1. Working only within the range 110-120, note down all residues that are buried (at least 16 other Cβ atoms within 10 Å of the Cβ) and either within 23 Å of the chain's Cα centre (by Cα) or in a loop (DSSP other than H, G, I, E, B) (or both).
2. Do we find a residue being modelled with pLDDT under 90, exposed (fewer than 13 other Cβ atoms within 10 Å of the Cβ) and of a type in the set (Asp, Glu) anywhere in the range 70-89?
3. From the list Leu48, Leu95, Leu43, exactly one residue is in contact with a strand residue (DSSP E or B) (Cβ under 6 Å, 6 or more places away or on another chain) and not charged (D, E, K, R). Which is it?
4. Can you tell me which residue within the range 126-168, out of those that are in contact with a strand residue (DSSP E or B) (Cβ under 8 Å, 6 or more places away or on another chain) and among the aliphatic types (A, V, I, L, M), is surrounded by the fewest Cβ atoms within 10 Å (Cβ to Cβ)?
5. Residue check: is Ala50 of a type outside the set (D, E, K, R), outside any loop (DSSP other than H, G, I, E, B) and surrounded by 10 or more Cβ atoms within 10 Å (Cβ to Cβ)?
6. Would you check if Thr99 is assigned to a loop (DSSP other than H, G, I, E, B), out of contact with any Lys or Arg (no Cβ under 8 Å at 6 or more places or on another chain), among the polar types (S, T, N, Q) and surrounded by 10 or more Cβ atoms within 10 Å (Cβ to Cβ)?
7. Tell me the residue from Pro149, Pro164, Pro78 that is under 26 Å from Glu45 (Cα atoms) and outside the structural domain of Ser35 (by TED's automatic domain parsing), please.
8. Does Thr123 satisfy the criteria of being farther than 25 Å from Arg76 by Cβ, hydroxyl-bearing (Ser, Thr, Tyr) and not in a helix (DSSP H, G or I)?
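The values are calculated or read from the model by the stated rules, or taken from the named source; none is laboratory data. Predicted, not measured: the structure shown is a model, and the values here were computed from it. Don't worry about glycine lacking a Cβ; one is built from the backbone with ideal geometry, like all the others, and counts go over all protein chains shown.
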Amino acid sequence: ATMMDFRVSQADGVCFVYVLPYSPTEALVECTVFSGSTWPQSLYEDRLKAYMRDVIGIVGYDVIATETGAIPMCDRVPIRQRGDAWIAIGVAGGLTKPTTGYTVARCVRDAYRLMLQYRSTGTFSPPESAHWRFDWYDRLLLRIIRDEPAVVPRILWTLFERNPVERILRFLDEETRLREELLIFWSLPWRPFLRAIIRR
């Protein structure tokens, strides 16, 4: 598997490719872009064709299926309470992690908290964010992606190069302690983060 391969054009925003093999002859090849608006479909296809040709070195291949999607990568907090008996969950409830698009683990934790709350009180109300630090980290990285996209590949490369995979996965799942988070940020280029803090 190949995660976050930045060997594609970065001219129109932060762009990378995933390659997730199903078998020796089949794989999911996905182009991911951080952009202010959705690109024309042909532009994504051009990036994938260039990646297959220039990076993987394959020209003749069959496309079995295609899919497209757009994940809201922003730090706006939606209104979750929809009347007395309704509460928004999932993407509509703002449970997508702004910098990764990961949603499932957050949904599971949120559903568990709501279940415990309903069991003890008979009512639903959206729980406060338990991870204000991670919300802040996400805001910083989103500012960097928006304002300095050229430095993002170096930040992510350094993250994976200088930290154990287990620590990174815990960090992405928002399960690290402050000490581990400080170790992660100490390993990264600090200037873009400082500029993001100053910009607010």
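1. Passing the criteria: only Asp110.
2. Yes, the range 70-89 contains at least one residue that is modelled with pLDDT under 90, exposed (fewer than 13 other Cβ atoms within 10 Å of the Cβ) and of a type in the set (Asp, Glu).
3. The match here is Leu48.
4. Here the residue is Leu156.
5. Yes: the conditions hold for Ala50.
6. For Thr99, the condition - assigned to a loop (DSSP other than H, G, I, E, B), out of contact with any Lys or Arg (no Cβ under 8 Å at 6 or more places or on another chain), among the polar types (S, T, N, Q) and surrounded by 10 or more Cβ atoms within 10 Å (Cβ to Cβ) - is met.
7. Unique residue meeting the criteria: Pro149.
8. For Thr123, the condition - farther than 25 Å from Arg76 by Cβ, hydroxyl-bearing (Ser, Thr, Tyr) and not in a helix (DSSP H, G or I) - is met.
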